[in-house]
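Undergrad: One structure follows; several queries about it will come next.
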Amino acid sequence: KYYAISDGSRLGLSFYNTFLKIQGLSTGEFEKSIEKIKNHQHVCWLITTSGRYNLSCSFLTRTRHQFYEGYNFLRSLFGQYLKEIQINLSVEGEHFYYPFFKQFNQKPIRTLTLNMQTPKLDKTNLNLLKLLTENCRRPIREISKELQITEKTTKSRMKSLEKQNLILNYSTLLHPGRVGYFFYLLLIRLNHPSQELVTYLKNIQEIFYLVKGFGFFDLKVEFYTSSEKRIHEIEDELYHNFDNVIQHIELLYVKKEYCVRYFVDA
């Protein structure tokens with residue numbers, strides 16, 4: 001998959017994380033539920049994990065009520081099989097690059113920003129952004145036909161979105177597990193905020209994504225490591241170097257990534 005990376009927060013979208021523990025549901029019914037979640041209009045990220053939680057679903061919404069509907073959608077979908085659900089609101093994030101491609105010297109980009117002016121987009125630009133964040137390898141002719149505009153206008157509008165930093169970059173969605181890498185999340189609960197810890201995390205070579213938020217954790221950090229041993233080394237280093245800052249680390253191994261979207265027309 002090749003898709004555009006956008007900063008939905010600049011368009012008034014909020015990013016909510018939910019972490020769920022599902023127990024007792026058959027594999028077949030679980031997969032059917034996954035398909036239903038993927039098709040939800042506000043879902044932007046969906047993964048299965050091992051650890052304390054076995055499913056994580058993230059929503060992009062314009063209002064708290066929209067997220068509330070998504071939250072209740074999950075609760076109704078799993079019913080008695082839902083043993084635990086936790087919520088976090090993301091407020092600031094920094095997107096890095098796949099660690100084994102760092103030789104390209106690409107700079108990290110912010111995908112969740114604070115105190116930014118919200119640009120006004122018409123319906124056509126919103127639809128264009130939605131199409132590009134789902135698949136930016138579609139032919140211009142095909143996109144233009146769907147939007148009912150000329151190819152020249154489509155190209156012009158794409159350049160405008162890029163100039164406004166609404167399209168931050170174009171990236172390929174890879175599956176590092178197929179080439180021997182492991183995908184992990186560290187959910188870090190702090191005793192108090194620490195910029196020193198954030199700086200330390202950014203300098204770990206295996207980092208992929210760092211998000212600040214509030215709820216049941218303060219930092220969510222995504223890593224791709226070359227071994228299971230390495231993620232435990234990182235965890236031990238963090239506890240050792242920031243014992244007075246870190247209250248708890250929840251380690252989750254990402255088994256499968258089902259859905260990645262950086263924008264939804266909410």
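Undergrad: In whole Hz, with x marking every Gly and Pro, tabulate ³J(HN,Hα) for region 7-16 from phi via Karplus 6.51 cos²θ - 1.76 cosθ + 1.60, θ = phi - 60°.
TA: These are the phi-based 3J(HN,Hα) values: 9, x, 5, 5, 9, x, 8, 10, 9, 10 Hz.
Undergrad: Let me ask something else about it. Karplus couplings for region 68-77 from phi (6.51 cos²θ - 1.76 cosθ + 1.60, θ = phi - 60°), rounded to Hz, Gly and Pro as x?
TA: 4, 5, x, 4, 6, 4, 5, 5, 6, 5
Undergrad: Specify which labelled value, from [x] 20.2, 64; [y] 21.9, 70; [z] 18.9, 59, agrees with Rg and Dmax of the Cα atoms in Å derived from the coordinates of the model shown.
TA: Given [x] 20.2, 64; [y] 21.9, 70; [z] 18.9, 59, the structure-derived one carries the label [z].
Undergrad: In addition: So, by mean Cβ neighbours within 10 angstrom, what's the order for 48-57, 67-76, 24-33 with the highest one leading?
TA: On the way: 48-57: 19.1, 67-76: 15.7, 24-33: 12.0.
Result, highest mean first: 48-57, 67-76, 24-33.
Undergrad: With everything on Cα atoms, drop me the angle between helix 151-163 and the longest principal axis of the chain, reported from 0 to 90° to the nearest 10.
TA: The angle comes out near 40 degrees.
Undergrad: Sticking with this structure for a sec: So what J values fall out for region 215-231 if you push phi through Karplus, 6.51 cos²θ - 1.76 cosθ + 1.60 with θ = phi - 60°, rounded to Hz, Gly and Pro as x?
TA: Coupling constants for region 215-231: x, 8, 9, 9, 9, 10, 10, 9, 10, 10, 10, 7, 7, 5, 4, 5, 5 Hz.
Undergrad: Take the cross-link list 1/123; 120/212; 38/159; 120/220; 1/229; 159/255 and give me the ones stretching past 32 Å between alpha-carbons.
TA: Values: 1/123 25 Å; 120/212 26 Å; 38/159 29 Å; 120/220 30 Å; 1/229 29 Å; 159/255 36 Å.
With Cα atoms farther than 32 Å apart: 159/255.
Where a number appears in this text, it was derived from the coordinates with a stated rule and is not lab data. Here the structure is a predicted model, which means the values were calculated and not measured. Using ideal geometry, Cβ is built from the backbone for each residue, glycine included, and neighbour counts are taken over all protein chains shown.
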